[in-house]
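So the structure is just underneath, and the comments pick up after that.
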Amino acid sequence: MIVTAASTRLLLAALIGFRWIGYTTAAHARKRPTVTAPVRSNPYDKQITTFNEEGHLLQLQYAQEASDKGSKGAFMKYRDYIVVVVENTSVKPGTSASGYASGYVSNGGIVRIHDGIMAKMTGLNGDARVLAKYLLSSSHSICWKNGNGCSSTGPALNVGEDILAAVTVPTREIASVCAELQHSLTMRPGARPLAVQATFFGVDDNHDYDDDEDSTRSGSGSGANNKSKLVLYQCHLSGTFKECEFCVCGGGMHQCLLDLNDLSGDMENILLADVVTRMANILLEILSKNLIALLHVEDDDDEEDASSSSKPTAAVDIYVMKLNPKCRGGMETSFASFVRTKEDLLKVGELFT
């Protein structure tokens, strides 16, 4: 019997069978299994943009509860002024500080959106930062669209000339941009409303707006000395905004709102200094009550371990704005920081007399 290479190969194939065939197939095919991830139409929970059986948008209520925990503030228009009193959160309560001090920097959430526009953000600090950054970018875009650049000053000035501050971005338009952003987040799957309630105060053109009127037409504006006015707008996180004569921010401010309503009825008979001191006193009383309630809970666990001098005290910051064409944005701002005692209120009253 003659054994050849071919017969040897056939014999080995018969002995190892599928192994020979498997090696041959693997050597030539080189096929690898393909793993595909399951396809999901939307990785987020769509239920956050739907209503419950009672007609409530729960995600919006959650955002409102978060914004109510922010710092408190009171706002009022008085003739040609806007008075803003906000809770001071920059200095730790109980630390030694000389009451009426200009050296303390407020962290009450007051930000400058544009030359003549300022805003008070109440709510989550991260959401407030994102919203302020978006509004700042939007204000610059509106300026360039209206051909005014990013500055509200005139194109050229000579020595001794006044700055005619043009209203490059009306306050109403920034409030509208904020409302559109907030409302869009309530309809987008996977998004949540920003837990921020924004209050805008600044210079606006002297127009009476209609509901069907496009406010963007007033972006160019004129001199702040004859065709401008100070306005106060509040934007709710649901996507609505309105012009106010007075308003509040923060939770537990119902009594403050009633007191401001009573104060607004006496506007013809009181001076600016009285308005400032009364608003500061109203907010200080509310903040003090909250601190007393907080201390009462803490004293149940640790009774009288600390002296009364180390007890935390409430403090407020005061801003008073008025039109002034010589100032940035056509608005002059006076500021008093860390006001907390009756002596501080007397000094503030003398400042605005």
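The values are calculated or read from the model by the stated rules, or taken from the named source; none is laboratory data. Only a predicted model underlies this, so the values are computations on that prediction, with no experimental measurement involved. Backbone-built Cβ (ideal geometry, glycine too); neighbour counts: all protein chains shown.
Which of the residues that make up region 241-263 are assigned to a loop (DSSP other than H, G, I, E, B), modelled with pLDDT under 95 and not small (G, A, S)?
M253
Across region 57-72, which residue is surrounded by the most Cβ atoms within 10 Å (Cβ to Cβ) among those that are over 14 Å from C235 (Cα atoms) and polar (S, T, N, Q)?
Only one residue fits best here, namely S71.
Just wondering, is there one or more residues in region 150-170 that are at pLDDT 85 or above and farther than 17 Å from R328 by Cα?
No, the conditions are met nowhere in region 150-170.
Looking at region 261-289, which of its residues are of a type outside the set (G, A, S) and within 23 Å of the chain's Cα centre (by Cα)?
M279, L283, L284, I286, L287 - these are the residues of region 261-289 that are of a type outside the set (G, A, S) and within 23 Å of the chain's Cα centre (by Cα).
Can you tell me how many residues within region 107-140 are surrounded by fewer than 19 Cβ atoms within 10 Å (Cβ to Cβ), in contact (Cβ under 8 Å) with a residue 24 or more places away in the chain and of a type in the set (D, E, K, R)?
Residues that pass the stated criteria total 0.
Are any of the residues in region 288-299 modelled with pLDDT of 85 or more and crowded, with 16+ Cβ neighbours inside 10 Å?
No.
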